[in-house]
Structures are given as structure tokens and as C-alpha cells.
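Below are the C-alpha cells for one structure; questions will follow.
The values are calculated or read from the model by the stated rules, or taken from the named source; none is laboratory data. Bear in mind the structure is a predicted one, so any value in this text is a computation, not a measurement. The accessibility values were calculated without ligands, DNA or RNA, using every heavy atom of the protein model including side chains. Shrake-Rupley method; radii C 1.70, N 1.55, O 1.52, S 1.80 Å.
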Amino acid sequence: VGFDKFTLQIAIKEGKMEVSVDGEKKVYSGENYEKWGMFDNYFNVGCNPQGEDALSSAKVKFYSLDVSH
């Protein structure tokens with residue numbers, strides 16, 4: 001995505017996961033997504049640097065977050 005702001009949306013319903021980045025959508029489906037409704041899940045967002053530099057860091061800002069159950 002680069003360093004510019006972007007919009008990420010993830011929707012999981014009816015055995016499918018729809019991922020949208022700045023309006024460009026991809027839909028994933030299959031047996032694994034059908035199992036998501038069988039148990040409680042949690043959603044976790046963050047930025048986890050994978051480098052070996054102990055001083056590496058990142059910031060994540062949420063401007064809007066909609067949650068429904």
C-alpha cells in the first residue's frame with residue numbers, strides 16, 4: 001500500500017471473507033470461512049514490525065471503527 005493513507009474493510013459473512021482496500025475488493029471463500037460461525041472469534045488490529053531492530057516501532061490510528069454483533 002505504501003506510506004499514503006488507505007481504507008481497509010474486512011467483512012466476514014455467509015462463509016465468505018470480503019477484503020477491500022480503497023474500494024478494490026477481493027472475496028475469499030471455502031471450508032475454513034464456513035467454520036467461523038461455529039465459535040467465538042475476536043478481531044485484532046495492529047502493526048507488528050518483523051525486523052531485528054529493538055527500537056523499531058509503528059503507529060496505527062483508527063479514525064472510524066464499526067462493530068456489530
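Could you pull out every one of the lysines with an alpha carbon less than 24 Å from that of Lys61, ignoring same-chain neighbours closer than 8 positions?
In chain and number order, the partners are Lys5, Lys25, Lys26.
Per-residue accessible area for Asp53 at 1.4 Å probe radius, Å² rounded to 10?
About 100 Å², rounded to the nearest 10.
Let me ask something else. What full-extension length gain, to one decimal in nm, is calculated for Lys25 and Tyr63 as 0.36 nm per residue of separation minus the Cα-Cα distance?
11.6 nm
Quick one: accessible surface of Leu8, probe radius 1.4 Å, all protein chains present, in square angstrom to the nearest 10.
100 Å²
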